[in-house]
Amino acid sequence: MKNYHLTKNAHSDWQLKRENAERASINFEGLNKSEAVRQSAAYLSDSGSSLKIHKGNGQFQEERTYPRSADPTKSKG
């Protein structure tokens, strides 16, 4: 499973970056966080990837798996 992080860059824009990559896969210039999350989800929708979403200050906030059926922690409850 590929791991991606949605973080703010030095210019205060959101970016989607594959873990351990030097450059961002996508830069979301001028978009707010919710729109960046939505576009990241669309980008990762069929790829079997994990999206780690960070707060504006860089702290980890939550993790989502795409597609949802690939979530390894899925429970029956």
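Taken together, the values in this text are just the output of simple stated rules run on the coordinates, not laboratory data. Because the structure is predicted, anything quoted here is derived from the model rather than measured. Every residue, glycine among them, receives a Cβ derived from its backbone with ideal geometry; neighbour counts consider all protein chains shown.
Multiplying the sequence separation of E63 and Y43 by 0.36 nm and subtracting their Cα-Cα distance, what value in nm do you get?
That works out to 5.6 nm of additional length.
Roughly what % of DSSP beta bridges within the chain run antiparallel, to the nearest 5?
Values: 14 of 19 bridges.
DSSP beta bridges in the chain are roughly 75 percent antiparallel.
Could you tell me the ratio Rg/Rh of segment 2-70? Both radii from Cα atoms, Rh via Kirkwood.
Dividing the radius of gyration by the Kirkwood radius yields 0.93.
Taking the 0 to 90 degree range and rounding to the nearest ten, how far is the long axis of helix 33-44 tilted relative to the main principal axis of the chain, both from C-alpha atoms?
Compared with the principal axis, the helix lies near 50 degrees.
Could you put K17, K52 in order, starting from the residue whose Cβ has the fewest other Cβ atoms within 10 Å? It would help to have the intermediate numbers written out before the result.
Details: K17 18, K52 15.
Fewest-to-most ranking of K17, K52: K52, K17.
Which of H11, I26, F60 sits closest to the plus end of the dipole of segment 2-70, meaning its Cα is farthest towards the positive end, when Lys and Arg get +1 and Asp and Glu get -1 on the C-beta?
F60
Would you calculate, for the chain, the mean residue ellipticity at 222 nm contributed by helices, counting each DSSP H stretch of 4 or more residues as -39,500 (n - 2.57) and dividing by all residues, to the nearest 500?
My calculation for the chain gives -5000 deg cm²/dmol from helical runs alone.
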